[in-house]
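First comes the structure, then the notes that go with it.
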Amino acid sequence: MAFAIYAVILVSILGIAAYLRFARKGYREVLLAALMTGAWVGFSGLYNYKGTPALLSLAFPFFAWTGGLLLLKIIHDRMGRYRFAKAVVMYETIFLLAEYVFYNFLGVQLDSNYPGLFGLPLLHAPAYAQAYCLLVAPAYLLLLMQIDKYAEMRGSKRKIFNRSKNLLSR
């Protein structure tokens, strides 16, 4: 179990670093993912895994969620028509499969006795945590779209301001 947790943390850190290095303006995506993840992990109080120290119990979901949301952004950017819906469905499928494998085969389990999602052997957490897990992906993409629209709008205002400034100086 500890190996799986360390492996996910390492892969997530490497993925986040690569995303920052190669993605154009990737800091926005990483910052938003880290803020959403940090707030959730910090305030939910859920993350205490069986047989792991407290710091590792917080680092694992933080890096896994942050890396997962960046993976969602990569999937979203590679899709064609209906990319929002396709990306969310693909991400949720990958997430639920990973949750199933980690819980049932690798023994990564919360130190609690919550029922699984829809009675299935996955996502053993309170209902509000299950809702968060299923809604964070579309929320993340929608927030990124709004941030991009705002940045684009601000950029076009700067261009207009610079053009008018240049015209006045002639």
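The values are calculated or read from the model by the stated rules, or taken from the named source; none is laboratory data. Quick caveat: nothing in here was measured; it's all calculated off a predicted structure. Note that we place each Cβ from the backbone using ideal geometry, even for glycine, and neighbour counts take in every protein chain shown.
Here are some residues: GLY116, GLY155. Which one is exposed (fewer than 14 other Cβ atoms within 10 Å of the Cβ) and over 15 Å from the mean Cα position of the chain (by Cα)? It would help to see each step written out before you state the result.
Working: GLY116 fails: exposed (fewer than 14 other Cβ atoms within 10 Å of the Cβ).
From the options GLY116, GLY155, the qualifying one is GLY155.
Yes/no per residue for (1) under 22 Å from LEU70 (Cα atoms); (2) free of Cβ contacts under 8 Å to residues at least 24 places away in the same chain; (3) in contact with a Pro (Cβ under 7 Å, 6 or more places away or on another chain):
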| site | (1), (2), (3) |
| --- | --- |
| PHE84 | yes, no, no |
| MET90 | yes, yes, no |
| GLY107 | no, no, no |
| PRO115 | no, yes, no |
| PRO121 | no, yes, no |
| GLN130 | yes, yes, no |
| CYS133 | yes, no, no |
| LEU143 | yes, no, no |
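Might you check whether a residue that is at pLDDT 90 or above, touching a helix residue (DSSP H, G or I) at 6+ places or on another chain (Cβ under 9 Å) and part of a helix (DSSP H, G or I) occurs anywhere in the stretch 148-163? Checked the stretch 148-163: no residue is at pLDDT 90 or above, touching a helix residue (DSSP H, G or I) at 6+ places or on another chain (Cβ under 9 Å) and part of a helix (DSSP H, G or I). In the list SER44, SER57, SER12, which residue meets the criterion of being touching a residue at least 60 places away in the same chain (Cβ under 8 Å) and either of a type in the set (Gly, Ala, Ser) or under 16 Å from GLU99 (Cα atoms) (or both)? Of the residues listed, the single one that is touching a residue at least 60 places away in the same chain (Cβ under 8 Å) and either of a type in the set (Gly, Ala, Ser) or under 16 Å from GLU99 (Cα atoms) (or both) is SER44. When the residues of the stretch 82-107 are filtered to those that are in contact with a Leu (Cβ under 7 Å, 6 or more places away or on another chain), surrounded by fewer than 19 Cβ atoms within 10 Å (Cβ to Cβ) and aromatic (Phe, Trp, Tyr), the one that is nearest to ALA7 (Cα to Cα) is TYR103.
Quick grid of which residues meet (1) at pLDDT 95 or above; (2) over 13 Å from the mean Cα position of the chain (by Cα); (3) surrounded by 19 or more Cβ atoms within 10 Å (Cβ to Cβ); (4) in a helix (DSSP H, G or I):
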{"position": "VAL11", "(1), (2), (3), (4)": "yes, yes, no, yes"}
{"position": "ARG28", "(1), (2), (3), (4)": "no, no, no, yes"}
{"position": "GLY42", "(1), (2), (3), (4)": "no, yes, no, yes"}
{"position": "GLY51", "(1), (2), (3), (4)": "no, yes, no, no"}
{"position": "SER57", "(1), (2), (3), (4)": "no, yes, yes, yes"}
{"position": "PHE63", "(1), (2), (3), (4)": "yes, no, yes, yes"}
{"position": "GLY80", "(1), (2), (3), (4)": "no, yes, no, no"}
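Any residue at all in the stretch 69-77 that is modelled with pLDDT under 95 and surrounded by fewer than 17 Cβ atoms within 10 Å (Cβ to Cβ)? Within the stretch 69-77, one or more residues are modelled with pLDDT under 95 and surrounded by fewer than 17 Cβ atoms within 10 Å (Cβ to Cβ).
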